[in-house]
1. Is it true that some residue in segment 142-165 is more than 22 Å from ILE100 (Cβ to Cβ) and of a type in the set (A, V, I, L, M, F, W, C)?
2. So, in segment 191-202, how many residues would count as being of a type outside the set (Gly, Ala, Ser) and surrounded by 16 or more Cβ atoms within 10 Å (Cβ to Cβ)?
3. Please specify each residue of segment 204-238 satisfying the condition of being open to solvent by 40 Å² or more (accessible area, probe 1.4 Å) and outside any helix (DSSP H, G or I).
4. Would you please list the contacts, defined by Cβ atoms under 7 Å and residues six or more apart or on different chains, that run from a residue in segment 129-146 that is assigned to a helix (DSSP H, G or I) to a residue that is open to solvent by 10 Å² or more (accessible area, probe 1.4 Å) and among the charged types (D, E, K, R)?
5. Can you name the condition, by its number, that PRO63 falls short on among (1) open to solvent by less than 40 Å² (accessible area, probe 1.4 Å); (2) out of contact with any Leu (no Cβ under 6 Å at 6 or more places or on another chain); (3) not small (Gly, Ala, Ser)?
6. Of all residues in segment 152-187, which are touching a Lys or Arg at 6+ places or on another chain (Cβ under 9 Å) and among the aromatic types (Phe, Trp, Tyr)?
7. Output the number of the condition that VAL158 fails; it satisfies all remaining conditions of (1) open to solvent by less than 10 Å² (accessible area, probe 1.4 Å); (2) closer than 23 Å to GLN122 by Cα; (3) among the β-branched types (Val, Ile, Thr).
8. State whether the residues of segment 85-104 include one that is of a type in the set (Gly, Ala, Ser) and under 30 Å from HIS57 (Cβ atoms).
Amino acid sequence: DPIISIRCSNYSVALWWAVFSLPLMLYVPEPAATAQQDCLWAGIKSSLSELRHTLIHMRQMRPVWLFLLAYWLYIDGVNTVIRMAVDYGAALGFSNNDLIAALLLTQFIGFPATIAFGWLGQRLGAKNGIFVAIAVYLIIILWASQMQQVYEFYALAVAIALVQGGIQALSRSYYSRLIPLQRTAEFYGFYNMLGKFAAVLGPVMMGAAAFMLGDSRYSILVLAVFFVLGGWLLSKVNEPTQKNKH
């Protein structure tokens, strides 16, 4: 029963969170609250002030903001593929069992594939590894637009699993080489915040394309724009020397 399978998957996620939250709750001490932390408005003002200073500093570092723009584009494509895969498969008429099985297949393959992609990044370099992942995603998009059979959906799930975790891991690795060491926390905070806004334009553009074309099959092609533009901007990023980085 698909309903029972979905409920069981939700229970497994809840159990996963509970188990892996225990080390944090049991062994990581909570810092004492200060007077400023106790005041909500003061905390908001402090956060906005830090964000403004981060943006001012970031504006002076061309490789950083150029990479962030590239990252925002191609990771929007990545996240859209993740979030819209089930809806896209359902629109093509695939059963719920096939959709769930494909998602599980992606998760099981994704973990070892991410480790393997890290090795690839060490051999080729993080930037070149990201280019490889972008190329694979472009092939996936083109293939998905012509997909007819359910076995192709499984094959695409495997292909996505091979690069999904890798492009995320290598992006973080490459970003670490661009940012100043003494500002790692605030720059990664901005990086993570930017990632939360990814997968906004992608679903909107897919929906608009499906509405205008009258066929969900070709709507996925609009995601190629995100990967092409993201890859092009990434090619313009020059990694700073250690002297300039500081």
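1. Yes, the conditions are met somewhere in segment 142-165.
2. Result for segment 191-202: 2.
3. If the condition is that a residue be open to solvent by 40 Å² or more (accessible area, probe 1.4 Å) and outside any helix (DSSP H, G or I), then GLY214, ASP215, LYS236, ASN238 are the ones that fit.
4. As it stands, the answer is SER145/ARG217, since those pairs meet every condition given.
5. (2)
6. Hit for segment 152-187 is TYR174, nothing else.
7. (1)
8. The answer is no; no qualifying residue exists.
The values are calculated or read from the model by the stated rules, or taken from the named source; none is laboratory data. Note that the structure is a prediction, hence the values are computed from the model and not measured. Because the Cβ atoms are built from the backbone with ideal geometry, glycine has one as well, and the counts that use them run over all protein chains shown. The accessibility values were calculated without ligands, DNA or RNA, using every heavy atom of the protein model including side chains. Shrake-Rupley method; radii C 1.70, N 1.55, O 1.52, S 1.80 Å.
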